[in-house]
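Student: Quick one: the structure is below, questions incoming.
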Amino acid sequence: MREREPVTQTLKASDARQQWSQLFNRIYRKESRGLVEKRRMAHQQSKRPTRAWRRSASGSLFCRVARPPGLCENAYMTEPTEWTTEFYRDADGESPVEAFLDSLDLKTRARFRWSMEQLRARNVQARQPLARHLEGDLWELREESATNIYRVIYFFFTGRRIVFLHGFQKKSQRTPPGEIELAERRAADFRIRQERREGQ
């Protein structure tokens, strides 16, 4: 069957920052393609070059620089290839996920730490049984002990970061909506505080 062409959508830079995780997942699933372009209004135009950055298949950013009066050159900017993991922290600096991990027995906690490192290495390529997509930009890291099932919900953030939001013991086959809603609130809080830091 012929592969469907990706959909192109234009967003303001501020909107793209707010929706980074959703856009990242859509690009990964080839539902969208990413293009960031800096433009000047007609009355603001100068001799400074305009740049259009585009992500290549290798994960690098490709830049086509247009220089007046029509000369062009290509430039490349490679992002760090290493992914990092971090824990969501509330306004008091506390990490709910670290507190959750500390409540587990030593063997389960060690398995979770190993799974987190595996997730860091595989990142967006991670699939079951290690990880599973929940909804929107939320994913879950899966772990089991002899008698219990545990999950840690996370999402991908700009800068190749994996942010762990919420950990819980799973007691039913479906993930309870309340657990997902809590993770969504923490993800929103994380984005807001990141934007405030960038604006300082």
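The values are calculated or read from the model by the stated rules, or taken from the named source; none is laboratory data. The shown structure was predicted, so the numbers you read here are calculated from the model rather than taken from an experiment. So basically every Cβ, Gly included, is an ideal-geometry build from the backbone, and we count neighbours across all protein chains shown.
Student: Out of curiosity, is Arg160 on the phi > 0 side of the Ramachandran plot and charged (D, E, K, R)?
Tutor: Answer is yes for this residue.
Student: Shifting gears a bit: Identify all residues within region 96-144 that are within 19 Å of the chain's Cα centre (by Cα) and of a type in the set (D, E, K, R); write none if there are none.
Tutor: If the condition is that a residue be within 19 Å of the chain's Cα centre (by Cα) and of a type in the set (D, E, K, R), then Glu117, Arg120, Arg122, Arg127, Arg132, Glu135, Asp137, Glu140, Arg142 are the ones that fit.
Student: Being modelled with pLDDT of 95 or more, of a type in the set (Lys, Arg) and surrounded by 17 or more Cβ atoms within 10 Å (Cβ to Cβ) narrows it down to one residue among Arg186, Arg132, Arg120; which is it? Give the derivation first.
Tutor: Working: Arg132 fails: surrounded by 17 or more Cβ atoms within 10 Å (Cβ to Cβ); Arg120 fails: surrounded by 17 or more Cβ atoms within 10 Å (Cβ to Cβ).
Just one listed residue meets the conditions, Arg186.
Student: Any residue in region 179-200 that is on the phi < 0 side of the Ramachandran plot sitting within a Cβ distance under 7 Å of a residue that is in a helix (DSSP H, G or I)? List the pairs, counting only those 6 or more apart or interchain.
Tutor: Listed by first residue and then by second, the contacts come to Arg191/Gln18; Glu195/Arg17.
Student: Hey, another quick one. Would you point out the residue of region 94-106, among those that are touching a strand residue (DSSP E or B) at 6+ places or on another chain (Cβ under 7 Å) and assigned to a helix (DSSP H, G or I), that is farthest from Ser172 (Cα to Cα)?
Tutor: Looking at the filtered set, the residue picked out is Glu98.
Student: So if I check each of Arg109, Arg113, Arg132, Arg120, which one is free of Cβ contacts under 8 Å to residues at least 60 places away in the same chain and not in a helix (DSSP H, G or I)?
Tutor: Working: Arg109 fails: not in a helix (DSSP H, G or I); Arg113 fails: not in a helix (DSSP H, G or I); Arg120 fails: not in a helix (DSSP H, G or I).
Being free of Cβ contacts under 8 Å to residues at least 60 places away in the same chain and not in a helix (DSSP H, G or I) holds for just one of Arg109, Arg113, Arg132, Arg120, which is Arg132.
Student: Of the residues that sit in region 136-183 and are of a type in the set (D, E, K, R) and assigned to a strand (DSSP E or B), which one is modelled with the lowest pLDDT?
Tutor: So the first thing to find is which residues in region 136-183 are of a type in the set (D, E, K, R), and the list is 137, 140, 142-144, 151, 160-161, 170-171, 174, 179, 181.
Filter once more, keeping what is assigned to a strand (DSSP E or B): 140, 142-144, 151, 161, 170.
Working: Glu140: 97, Arg142: 95, Glu143: 94, Glu144: 89, Arg151: 97, Arg161: 96, Lys170: 94.
Only one residue fits best here, namely Glu144.
Student: Are any residues in region 135-144 exposed (fewer than 14 other Cβ atoms within 10 Å of the Cβ) and touching a residue at least 24 places away in the same chain (Cβ under 8 Å), and if so, which ones?
Tutor: Residues of region 135-144 exposed (fewer than 14 other Cβ atoms within 10 Å of the Cβ): 135, 144.
Listed by number, the list holds a single entry, Glu135.
Student: For region 156-175, state whether one or more residues are touching a residue at least 60 places away in the same chain (Cβ under 8 Å), surrounded by 13 or more Cβ atoms within 10 Å (Cβ to Cβ) and of a type in the set (Ser, Thr, Tyr).
Tutor: Yes, region 156-175 contains a residue that is touching a residue at least 60 places away in the same chain (Cβ under 8 Å), surrounded by 13 or more Cβ atoms within 10 Å (Cβ to Cβ) and of a type in the set (Ser, Thr, Tyr).
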